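The values are calculated or read from the model by the stated rules, or taken from the named source; none is laboratory data. As the structure is a prediction and not an experimental result, all values here were calculated from the model. Quick reminder, even Gly has a Cβ in these numbers, built from the backbone with ideal geometry, and neighbours come from all protein chains shown. Note: accessible area is taken over every heavy atom of the protein model, side chains too, but ligands, DNA and RNA are not part of it. Shrake-Rupley method; radii C 1.70, N 1.55, O 1.52, S 1.80 Å.
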Amino acid sequence: MSAETNKGPVLGMRHVQALLIFLNITTIFIGRLNVGVSVVAMTNAETTNPDFPEYDWTEAEKSYILSSFFWGYIFTQFLGGYLCKSFGVKSVMFWGVFGSGVCSALTPLFIGFGEWQAYCGIRVLMGLAQGVIFPCIHQHLAKWSPPAERNRLGALSHTGIECGNVSAMFLSGMIAKSSLGWPGISYVSAGVAFFWCALWFLLAANDPTESRFIGEKELQYIESSLKHNESYHATVIPIPWMAIMTSAPFLALLIVRCCENWGLSTLQAEIPSYMNGVLDMDMKSNAFFSALPFLAMWCMSYIYLITAEVFLGKSSVSLTVLRKTYNSIAFWIPAATLVGIGFLDKDQKNFAIALMTISVGVNSAQTIGSVLNTIDLSKNHASILMGIVNTAANFVPIATPLVVGWIVEDNSDRSQWQIVFIIAAVIFFVGNCIYLVFGTAVTQPWDAEDYLQLKSPELSHKPYKVTITPNIN
C-alpha cells in the first residue's frame, strides 16, 4: 500500500514517541533552568524559607553558577550525535537523563560541603549528561516522523521547552517557599527525571521496525513515506563533512541558532534577578511573574503550530517561507520589546512585565522557524547537524551570564540592564537577517544515501554486516 493511500492510524506509536520527547524535554529543562530561582532563594532566604542555609555569593559568583551547566553541555553535543548512531537513540537518551537526575539529587549535598564552587562542579556534570540528548531527539524525530507530519510532531514535542521553562520557574519558586526549601527543588527535579526514564525504557524504540507495540499499518505508513531502501536501518550512511561545513543553508542555521540562544538565555537566566533587583519583587511574586512569560510562550507555541498546519495544509506557502516568516516573528518582535524593557523601572512594573511576556511569548515561533530546520536539510544526518549546531550555540549561554555579570554590577541599576537588553536585541535582529538571506527548508544534495560511496561500520548500532546501497526514490 502506498504512502498516499495508507495514512496510518490517527493516533499511534509515532505519537507516543513524540509525547515521550515532549516529556523528555520538559524534564531536562526543569533540571537545567531551576538554577535561576534556586540561586535567588539561596542568597535571599528571607523571601523563601529561612530554615535553610543562606549564602553570601557575589554577582560574579552567581554568574559562574548560572553559566556552569553549559561548560559541560557543549562538550557532549557532537558526541551525542555520534553515540546515537553507534548505540541507538534509546540507550543514549536513557543514560543522559538518568545521569542528569543523579546530578540533581546530589546538588544539595555538593553545595553543603563546597558552596558555589561545588555547585558549579555538579552543574558541569549535569551539562555533560544532558549534552547528548538533543542530537538524539532530532535523529529520533527523523526516523519516526512521516514527512507530512514532521512539522507537527516536531513542533508538538518541542513544546516541552516552554513547559519546562514554566515548570522550572513557577514550581521552583513554590518549592523554595515550602517546607522543602531550596534543596527540594533539586530533589523534585531528580524524581521527575527518574520517572521519565521508566517510561522511556518501556515505550521507546530506536525506529519503527524495533517497536514492540506498533501496528503493521502504521509501520508500513512510516517506512514507505520516508522513501528509503529496504536495508536502510542496517546501512551506514557516511557523513559528508566537507559538504556540510561548506553549506550556506547550514551555516545560516548555525548562526541563527547562536543568536537565538543569546537572546533567550539572557531572559531565562536573568529574569529572576532583573525582577528582584529592578522591579523590587519578592520571591513569591518573582516566581509567578518569572514563569508568566514562559507560560505565554507555551500557549503561543500551540497557536503557531495550528496556524502553520493551516498554511501548509492549504499549500498557501512553501515550508521555507513558513520557516522564515515564523523566525522573523520570533526574533524581531522580541528585539523591539527588549529595548523598551530597559527604559522601565518599578514604577512601570506592570508595563515591564507585559513587555517581558510579549518578548518571550512570541519567541516560541522559533521552534517552527529554525529549530526543526536540521531535519529539513538532512533527515539522514539530523543528529550530526544538531550536534554541531548545539555545540556552537551553547557556547553562547556560557558567555551570556558572564557578560551580564560584568555589565550589571548593581542588580538594581536600570541603566546597566539597558545595556544587557540592547545587546540581545541587536543580536536577534542581525541573526534573523542572515537566516532570511541564506536559509532554506529544502533537503540538501548531501543528504542522499549514496552521496559518498564509503563504508563506516563503526557508526552502525546494528550487529550485522553493513552495506551501502543506492537510494530508491
Using a 1.4 angstrom probe, figure out how much accessible area the chain has per residue, in square angstrom, rounded to the nearest whole. 38
Distant alpha-carbon pairs in the stretch 239-443 (separation over 24 angstrom), percent: 43
Label ASN350 and CYS299 with points 7 Å out from Cα along Cα→Cβ: what is the distance between them in nm? 1.7
Please compute the length gained on full extension between GLN117 and SER178, using 0.36 nm multiplied by the number of residues separating them and subtracting their Cα-Cα distance. 19.4 nm
Stretched out fully, how many nm does the piece from PHE201 to VAL430 gain, at 0.36 nm a residue minus the Cα gap? 78.2 nm
Using +1 at the Cβ of each Lys and Arg and -1 at the Cβ of each Asp and Glu in the stretch 13-226, identify which of CYS120, HIS158, PRO208 lies farthest towards the dipole's positive end. PRO208
Considering only protein heavy atoms and a 1.4 Å probe, what is the carbon-and-sulfur percentage of the accessible area of the chain? 68
With θ set to phi - 60° and the Karplus curve 6.51 cos²θ - 1.76 cosθ + 1.60, what are the ³J(HN,Hα) couplings of the stretch 294-302 in order, to the nearest whole Hz, using x for Gly and Pro? 7, 5, 4, 4, 5, 5, 5, 4, 6
Heavy atoms only, 1.4 Å probe, whole protein assembly: order THR58, THR246, THR320 by accessible area, highest first. THR246, THR58, THR320
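Provide LYS346, LYS62 ordered by accessible surface of protein heavy atoms (probe 1.4 Å), highest first.
If we order LYS346, LYS62 from most to least accessible, we get LYS346, LYS62.
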As a test of reading the structure, rank THR440, THR374 by solvent-accessible area (1.4 Å probe, protein chains only), most first. THR440, THR374
LEU251 paired with VAL442, simple spin-label distance in nm, labels 7 Å along Cα-to-beta-carbon: 1.8
What dipole magnitude, in Debye to the nearest 20, does the stretch 145-257 give about its Cα centre under +1 on Lys/Arg Cβ and -1 on Asp/Glu Cβ? 400
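State, as an integer percentage, the relative contact order of the chain based on alpha-carbon contacts under 8 Å between residues 6 or more apart.
It rounds to 26 percent for the chain.
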Mind listing P(r) for the stretch 13-226? All alpha-carbon pairs, 10 Å bins, whole percents. 9, 33, 31, 17, 8, 2, 0
Which value in nm describes the separation of the simple spin-label points at GLU54 and TRP95, placed 7 Å from the Cα toward the beta carbon? 4.4
